[in-house]
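Quick notes on the structure that follows.
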Amino acid sequence: AQKITQTQPGMFVQEKEAVTLDCTYDTSDQSYGLFWYKQPSSGEMIFLIYQGSYDEQNATEGRYSLNFQKARKSANLVISASQLGDSAMYFCAMRAWNRDDKIIFGKGTRLHILP
Amino acid sequence: DTGVSQDPRHKITKRGQNVTFRCDPISEHNRLYWYRQTLGQGPEFLTYFQNEAQLEKSRLLSDRFSAERPKGSFSTLEIQRTEQGDSAMYLCASSLTSGAQETQYFGPGTRLLVL
């Protein structure tokens, strides 16, 4: 069975510091994609970054980077130079390409950026 | 605004009433997904469409739930005889089938409260 585990229910980080949000996953599939979404209090899920299982380089998108360690089945999100607007819920998610088309989400990490 | 839109944003209803939610995907996207998110959890897959065909339904989707996408554009999700356990955020997402990196883009959600 596929599973996403986010072990940090909440985190407090000082503004301008870097923060790492942990994500581990479990799948027997060889072809899969990993996603991170941000959900502010308004409720909308905002796509942040994607990593394919065959991608050799870690994905980066602006201040977001994904620390992909395939052997450990880990896909941590790193936010550099955190800003107050980064305060939100963050969800790690996975989709196995040859299995079906739905995304499996973790339970999320609530990030609080302190001024 | 060319993102995914959902209507209504909030719905309060009494137990036993029927409710219907609408989702308008990004115009060129051929896939449309429905998810349910309860407090403290990540979104859970309910069903999805490719064009007008409903391709998969989760076991979470009881007989009281029905979804349609009659012309392959907007979709509706109807819940009949609502129960208090149906209270949740209902999220719609759309995507364009594009091989490995198929990213789902989410709407703002419809927050349902069943009294």
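Compute the signed sum of charges (Lys and Arg +1, Asp and Glu -1) over the other residues within less than 12 Å, Cβ to Cβ, of A:Tyr50. Provide the component values of the computation, followed by the final result.
Values: positive: A:Arg95; negative: A:Asp55, A:Glu61, B:Glu102.
Cβ neighbours under 12 Å give a net charge of -2.
What distance in nm lies between label points placed 7 Å from Cα along the C-beta direction at B:Thr2 and B:Ile26?
Each label point is offset 7 Å from its Cα along the Cβ direction, giving 0.9 nm.
For the range A:27-100, which GluC sites (Glu not before Pro) are both in a DSSP coil and crowded by at most 13 other Cβ atoms within 10 Å? Intermediate results must be reported in sequence, preceding the final value.
Numbers: sites: A:Glu44, A:Glu56, A:Glu61; in loops: A:Glu44, A:Glu56.
Listed in order of number, the matching sites are A:Glu56.
5 Å is the cut-off here: which amide hydrogens, built 1.01 Å from N in the peptide plane, fall below it relative to B:Thr103, excluding neighbours closer than 5 in sequence?
Hits under the 5 Å cutoff: B:Leu96.
Between B:Gln50 and B:Ser62, how many nm apart are label points set 7 Å from Cα along the C-beta direction?
3.1 nm
Starting from the coordinates of the alpha-carbon atoms of chain B, obtain the Kirkwood hydrodynamic radius over all distinct pairs and give the value in Å to one decimal.
Details: mean 1/r = 0.0707 Å⁻¹.
Averaging 1/r across every pair of different Cα atoms and inverting gives 14.1 Å.
Counting partner chain Cβ atoms within 10 Å of every residue's Cβ in B:37-46, what's the average?
On the way: counts 6, 0, 0, 5, 5, 15, 10, 3, 6, 1.
Counting other chains' Cβ atoms within 10 Å and averaging over B:37-46 gives 5.
Can you work out ³J(HN,Hα) from phi for every residue in the range A:30-36, in order, using Karplus 6.51 cos²θ - 1.76 cosθ + 1.60 and θ = phi - 60°, giving whole Hz and x for Gly and Pro?
Going residue by residue, I get 8, 10, 7, x, 10, 10, 10 Hz, with x marking Gly and Pro.
Under 5 Å between amide hydrogens, which residues at least 5 positions from A:Cys23 or on another chain qualify, with H placed 1.01 Å from N in the peptide plane?
Correct list: A:Ala75, A:Asn76, A:Leu77.
Counting only other chains, what is the mean number of Cβ atoms within 10 angstrom of the Cβ of each residue in peptide A:45-57?
On the way: counts 14, 2, 5, 0, 1, 4, 1, 3, 1, 1, 2, 0, 0.
Per residue, the number of nearby Cβ atoms from other chains is 3 on average.
Report the chymotrypsin sites (Phe, Trp or Tyr not before Pro) located in the range A:30-115 that are in a DSSP loop and have at most 15 other Cβ atoms inside 10 Å of their Cβ, or state none. Don't jump to the answer; show the numbers that get you there.
On the way: sites: A:Tyr32, A:Phe35, A:Trp36, A:Tyr37, A:Phe47, A:Tyr50, A:Tyr54, A:Tyr64, A:Phe68, A:Tyr90, A:Phe91, A:Trp97, A:Phe105; in loops: A:Tyr54, A:Trp97.
When the chymotrypsin sites (Phe, Trp or Tyr not before Pro) of the range A:30-115 are filtered for loop state and at most 15 Cβ neighbours within 10 Å, A:Tyr54 remain.
Let's test the formula: R0 of 22 Å, r as the Cβ-Cβ distance of A:Lys16 and A:Ser41. What FRET efficiency results, to the nearest 0.05? Walk me through the numbers on the way to the answer.
Working: r = 22 Å, r/R0 = 1.00.
That pair, A:Lys16 with A:Ser41, gives E of 0.50.
Can you pick out the pairs among A:Lys73/A:Lys107; A:Lys3/A:Lys102; A:Lys3/A:Lys107; A:Lys3/A:Lys73; B:Lys11/B:Lys57 whose Cα atoms lie more than 19 Å from each other?
With Cα atoms farther than 19 Å apart: B:Lys11/B:Lys57.
Hand me the GluC sites (Glu not before Pro) from the range B:27-85 located in a DSSP loop with no more than 15 other Cβ atoms within 10 Å, in residue order please.
Numbers: sites: B:Glu28, B:Glu44, B:Glu52, B:Glu56, B:Glu68, B:Glu78, B:Glu83; in loops: B:Glu28, B:Glu52, B:Glu83.
In loop regions of the range B:27-85 (DSSP not H, G, I, E or B), the sparsely surrounded GluC sites (Glu not before Pro) are B:Glu28, B:Glu52, B:Glu83.
Starting from the Cα of B:Glu102, step 7 Å along the direction of its Cβ; do the same at A:Tyr54; then give the gap between the two resulting points in nm.
Distance between label points: 1.6 nm.
Shielding of B:102-109 by partners, i.e. mean partner chain Cβ atoms within 10 Å per residue?
Values: counts 6, 8, 9, 5, 7, 3, 4, 5.
Mean number of neighbouring Cβ atoms from other chains: 6.
Laboratory data are not the source of any read-out in this text; all were calculated from the coordinates shown. Here the structure is a predicted model, which is why all the values come from computation and not from measurement. As a convention, Cβ positions derive from the backbone with ideal geometry for all residues, glycine included, and neighbour counts pool all protein chains shown.
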